[in-house]
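Asker: Before anything else, here's the structure in question.
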Amino acid sequence: MLLIVYVLVPHTWIVRDGVLISDVSIVTVMDDGRWQIEEIEDEINADDLQWDYQDIVAEFGENLPSVDPSKALNIPNPMRRLVEDDEDLYVLMVSPWADDVSGNRSKQYNKHMNMYTGNGCLAGRLLQQEFHVHFISSSPHASSPEQFAAFRDHVKETETKPVKAYNSATHRKCRFQ
């Protein structure tokens, strides 16, 4: 019996209409055993996947030779080392902005800069709700670029030390960048 295996490289995971789907690249295993990532992306239901990375390594070994070394598979994702085996890693998009406001109700103008952010991974209908706007900082002395620089430094720190959290939907520990 001939075993035909389709290898896919997931790029994005999205819950659409209650179903987890992924945009994937198809990998063709050539006759000489080298792997080639096709340029065309497809969309698949995550429930249709049968193997994970460990299954592929068990079947093909750890060294997966590529037809084009510049497009070699970087498996497993190096960011996986940042979390424990029982944790998930999420990458959040944040959209910070600043506003200059006066803190006084009197006629005296006391300008200061406020900085806020929103979670860009939320659905648009949720982003329109005021309680999804989060205050970051306020200063009468630091300009908005100075506050943005401090926020950027804090965000970049999460690239090597992801923030610990708990995912109430999956009931698992997780971290996010």
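Asker: Pick from Q147, Q108: which is modelled with pLDDT under 85 and either farther than 30 Å from W35 by Cβ or in a loop (DSSP other than H, G, I, E, B) (or both)? Break it down into steps so the answer makes sense when it comes.
Answerer: Numbers: Q147 fails: modelled with pLDDT under 85.
From the options Q147, Q108, the qualifying one is Q108.
Asker: For the list (1) at pLDDT 90 or above; (2) surrounded by 14 or more Cβ atoms within 10 Å (Cβ to Cβ); (3) over 18 Å from L82 (Cβ atoms), I need the number of the one condition that R175 fails.
Answerer: The one condition R175 does not meet is (3).
Asker: Considering only residues that are part of a helix (DSSP H, G or I) and among the aromatic types (F, W, Y), which ones fall in region 150-172?
Answerer: F151
Asker: Condition test on V27, is it over 22 Å from the mean Cα position of the chain (by Cα), under 28 Å from C121 (Cβ atoms) and not charged (D, E, K, R)?
Answerer: yes
Asker: Residues to consider are D47, D42, D55; find the one that is at pLDDT 80 or above and in a strand (DSSP E or B).
Answerer: None of the others qualify; the one that does is D42.
Asker: Also: Mind checking which residues of region 58-70 are among the hydroxyl-bearing types (S, T, Y) and either part of a helix (DSSP H, G or I) or out of contact with any strand residue (DSSP E or B) (no Cβ under 6 Å at 6 or more places or on another chain) (or both)? Please lay out each step first, then the result.
Answerer: So in region 58-70, the residues among the hydroxyl-bearing types (S, T, Y) come out as 66, 70.
Matches in region 58-70: S70 only.
Asker: Further, regarding this structure: Only one of A165, A142, A169, A123 is more than 22 Å from I14 (Cα to Cα), of a type outside the set (S, T, Y) and either outside the structural domain of I14 (by TED's automatic domain parsing) or exposed (fewer than 14 other Cβ atoms within 10 Å of the Cβ) (or both); which?
Answerer: After ruling out the rest, the residue left standing is A142.
Asker: Considering only region 116-140, state which residues are out of contact with any helix residue (DSSP H, G or I) (no Cβ under 9 Å at 6 or more places or on another chain), without any contact (Cβ under 8 Å) to a residue 24 or more places away in the chain and not in a strand (DSSP E or B).
Answerer: A123, G124, R125, L127, Q128, Q129, E130, F131
Asker: Can I ask one more? Considering P78, P10, P69, which residue is within 23 Å of the chain's Cα centre (by Cα) and exposed (fewer than 11 other Cβ atoms within 10 Å of the Cβ)?
Answerer: On the way: P10 fails: exposed (fewer than 11 other Cβ atoms within 10 Å of the Cβ); P69 fails: within 23 Å of the chain's Cα centre (by Cα).
Just a single option satisfies the conditions, and that option is P78.
Asker: Further question: Please identify the pairs in which a residue from region 33-52 that is within 16 Å of L20 (Cβ to Cβ) has its Cβ atom under 6 Å from the Cβ atom of a residue that is among the hydroxyl-bearing types (S, T, Y), counting only partners at least 6 apart or on another chain.
Answerer: I44/S22; A46/S22
The values are calculated or read from the model by the stated rules, or taken from the named source; none is laboratory data. Since the model is a prediction, treat every value here as computed from it, not as a measurement. In this analysis, Cβ positions are derived from the backbone assuming ideal geometry, glycine residues included, and neighbour counts consider all displayed protein chains.
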